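S.K.: Would you mind keeping the following structure in view while I ask a few things?
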Amino acid sequence: MRIFSLCLMLLVVSCNNSTVGTRSSIKGGGPVTITDTNGSEILSYSGSYALIIGQSDYAHWGDLSSIPSELDEVESVLKDQSFVVERHKNLNSKDLKRAFERFINNYGLDKNNRLLFFYSGHGESRKVDGNTKGYIVPVDAPTLADNKGFIRKAVEMEQIVTWSKKIEAKHALFLFDSCFSGTIFRGEDTPIPKKISKAMAQPIRYFITAGSANEKVPASSTFTPAFVDALRYAKADKYKDGYVTGEELGLYLKNTVQDFTTQTPQYGRIGHYKSNRGDFVFKVKNKSKPPVINVAELDSIKREKAELARIRRQKEAALADLANAKREKAELAGIKRQKEAEKAELARIKREQARLARIKRQRPKSKVFQDRLRDGGLAPKMVRIPAGSFRMGDIQGGGDSDEKPVHRVSVGKFAMGMYEVTVGEYMKFVNATNSHTPEWLEKGSSYNIKTGSDNHYKKHGSALTNRNHPIVGVSWHDAVAYTKWLSNQTDNIYYLPTEAEWEYAARAGTETKYWWGNDIGKNRANCDGCGSQWDNKQTAPVGSFSANKFGLYDTSGNVWEWTCSEKTDKYNGKEKNCINKNSNKNRVLRGGSWYSYPRYVRTAYRPGGTPDDRGGFRVVVMAAAWTK
């Protein structure tokens, strides 16, 4: 004859969600035999297994801090009943379902086992399609504000019944201590008590809940301690035979819990299963009278513990504040000493600055200066350019449309390189940074003078690498990188000149095509038709021709010079500003080169080039250089 006994008991402690749970190690439970008072065997099991789940640390619901200690008692009393206990805590939705299913699959399919399930945590009821349904709440369930999310995460009480149908063990008892767990009893009848012998011989599906369908359960459980006491002790006047059935347990819990709280525990059969007439039986070892559960006393103790914990935390916080105050006092003293030292140092610096100012006032200021580099050596020679205004553009006529309109521009004082940046000056930067090599030394470039196939640079001969010749083959980005390196190596801020600064410095107060006049003349510059020995062949050494009235050399011819301004079709004000370095628009080049015709080395001529095009450049320094 197939014995299929299932007793379900629900203990649900409170209402309010979970992390991945932890699991106690469980090894196979040994055989258990229950005997009568004469020592005769009534029933035996291959093993007794209990699944305990405690949900106390929720992500979106209130935490239930009393559950772990309560379940310690439950675990202890079950082990006294020869149960092997598998315990989980703080399970999310996925792990909560998996815990039930895995436990049933591992131990519920053996007909000679007995099982006990105990859940303590939040419970909730929801109206779905007009029907009120109860749920146990995993720790990752959202609040009820997200109704769909809650229903998707929570485990419906009806699912517990569905799982119970899979169990083939002789007896199984489900206990849930949570809010609204009584929804499982809607429309069910309360069973009539059975005698012990019949109870153990027949199957049963039995549920006990901490409250009715509409009741919330307090966070500090009365139900769980009552359950522990019911199994640990048997009232001499009530359970004289030393046995407690599931039905007796339900009645005891209902009567006891209601003495201390408004909860109304529910118990009874669920569903109309075949031969659903048995009961779950505990044999109580200690028959002494159980202690009375004094909720008021328990609450008082808990309040005292909470107050002691609060006082301890307050004391720890006060000690921490005192330590912080001492540290802050020491830090303030240190800060005060530091400020006094800084104040003294500032006074010393001011005195030194005043002394240097007196010295500067006593000696004439040089028009030319040259910064020292921190790595050794000197920066390019710089010429101080005074502030002023000038007419910018094609003043003499005959130029291109982008040189219009002629307009007056004012510039502040600045300093500009006396010469175009030389090979020696630029290669010092390349060697120091191991970057931004000129095009004729770039690895893999067809213009590489050692490995490339194009002789564009090779025809320069020794002029290409002569340290006193202007650098060529430099992109706009290369030139900008050089100015930043110079700024880091000195106490000044270097940059490429704006288009307005370049033309102002190149004109040096003149309004002719070239700073020396309207005719190209002979041997005044290096270009294709300038009448010099280097025309249309190669660059000339810097300073090979006369300087303009500001003291600048080679503002016409020799190499094209990058500016920091955007190339526009006509003047619109951008000639006075630097372009954003990340812009892909063309930049203005000025001055012409050794291979340019005379009209292209005019002071007003302003072609454009992409940032990746190649040329030469000279640098400028902000007005701070005037203080040197």
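The values are calculated or read from the model by the stated rules, or taken from the named source; none is laboratory data. This one's a predicted model, so the numbers in the text were calculated from it and none came from an experiment. With ideal geometry, Cβ positions are generated from the backbone for all residues, glycine too; neighbour counts draw on all protein chains shown.
S.K.: Among the residues of the range 48-84, write down those that are among the aliphatic types (A, V, I, L, M) and either part of a loop (DSSP other than H, G, I, E, B) or in contact with a Gly (Cβ under 8 Å, 6 or more places away or on another chain) (or both).
M.R.: I53, A59, L64, I67, L71, V84
S.K.: Quick test of your reading of the structure: G123 fulfils all but one of (1) out of contact with any strand residue (DSSP E or B) (no Cβ under 9 Å at 6 or more places or on another chain); (2) small (G, A, S); (3) closer than 28 Å to E70 by Cα. Name the failing condition by number.
M.R.: Condition (1) is where G123 drops out.
S.K.: Here is a further query. Considering every residue within the range 148-167, establish whether at least one is part of a strand (DSSP E or B) and more than 39 Å from the chain's Cα centre (by Cα).
M.R.: no
S.K.: Quick one: in the range 382-407, of everything that is of a type in the set (A, V, I, L, M) and under 54 Å from the mean Cα position of the chain (by Cα), which residue is surrounded by the fewest Cβ atoms within 10 Å (Cβ to Cβ)? Full working, then the answer.
M.R.: Residues of the range 382-407 that are of a type in the set (A, V, I, L, M), as a first pass: 382-383, 385, 387, 392, 395, 406.
Now restrict to residues that are under 54 Å from the mean Cα position of the chain (by Cα): 382-383, 385, 387, 392.
Values: M382: 24, V383: 23, I385: 26, A387: 12, M392: 24.
The selected residue is A387.
S.K.: If you scan the range 476-510, which residues turn out to be out of contact with any Ser or Thr (no Cβ under 9 Å at 6 or more places or on another chain) and either part of a loop (DSSP other than H, G, I, E, B) or farther than 22 Å from P611 by Cβ (or both)?
M.R.: Q489, T490, D491, N492, G509 - these are the residues of the range 476-510 that are out of contact with any Ser or Thr (no Cβ under 9 Å at 6 or more places or on another chain) and either part of a loop (DSSP other than H, G, I, E, B) or farther than 22 Å from P611 by Cβ (or both).
Residue by residue, here is whether (1) basic (K, R); (2) in a loop (DSSP other than H, G, I, E, B) holds:
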position: Y553; (1), (2): no, yes
position: K585; (1), (2): yes, yes
position: L589; (1), (2): no, no
position: S593; (1), (2): no, yes
position: R599; (1), (2): yes, no
position: T603; (1), (2): no, yes
position: R606; (1), (2): yes, yes
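S.K.: Now for a different question. Which one of these does T539 not meet: (1) outside any helix (DSSP H, G or I); (2) more than 16 Å from G592 (Cα to Cα); (3) hydroxyl-bearing (S, T, Y)?
M.R.: All conditions are met except number (2).
S.K.: While we're on this one: Would a scan of the range 529-552 turn up a residue that is charged (D, E, K, R), more than 49 Å from the chain's Cα centre (by Cα) and farther than 24 Å from M622 by Cα?
M.R.: At the first step, the residues of the range 529-552 found to be charged (D, E, K, R) are 535, 537, 549.
Filter again for more than 49 Å from the chain's Cα centre (by Cα), leaving 535, 537, 549.
Remaining after also requiring farther than 24 Å from M622 by Cα: 535, 537.
For the range 529-552, residues charged (D, E, K, R), more than 49 Å from the chain's Cα centre (by Cα) and farther than 24 Å from M622 by Cα: present.
S.K.: Which pairs turn up if I take residues in the range 498-510 that are farther than 10 Å from E575 by Cβ and look for partners that are of a type in the set (S, T, Y) with beta carbon separation below 8 Å, at least 6 apart in sequence or on another chain?
M.R.: Within 8 Å, the pairs are A505/T555; A506/T555; A506/S556; A506/T603; R507/T603; T510/T603.
S.K.: For the structure I just gave you, tell me whether E70 is of a type in the set (D, E), assigned by TED's automatic domain parsing to the domain that holds A230 and out of contact with any Pro (no Cβ under 8 Å at 6 or more places or on another chain).
M.R.: Here the answer is no, as E70 does not meet what is asked.
S.K.: So Y119 passes all but one of these: (1) closer than 17 Å to S56 by Cβ; (2) touching a Ser or Thr at 6+ places or on another chain (Cβ under 6 Å). Which condition number does it fail?
M.R.: (2)
S.K.: Then there is this: Could you check the range 103-147 and list, in sequence order, the residues that are surrounded by 24 or more Cβ atoms within 10 Å (Cβ to Cβ), within 42 Å of the chain's Cα centre (by Cα) and aromatic (F, W, Y)?
M.R.: Once the filter is applied, which keeps residues that are surrounded by 24 or more Cβ atoms within 10 Å (Cβ to Cβ), within 42 Å of the chain's Cα centre (by Cα) and aromatic (F, W, Y), the range 103-147 yields F117, F118, Y119, Y135.
S.K.: Mind checking whether some residue in the range 523-546 is at pLDDT 95 or above, touching a Ser or Thr at 6+ places or on another chain (Cβ under 6 Å), buried (at least 18 other Cβ atoms within 10 Å of the Cβ) and within 18 Å of D394 (Cβ to Cβ)?
M.R.: The answer is no; no qualifying residue exists.
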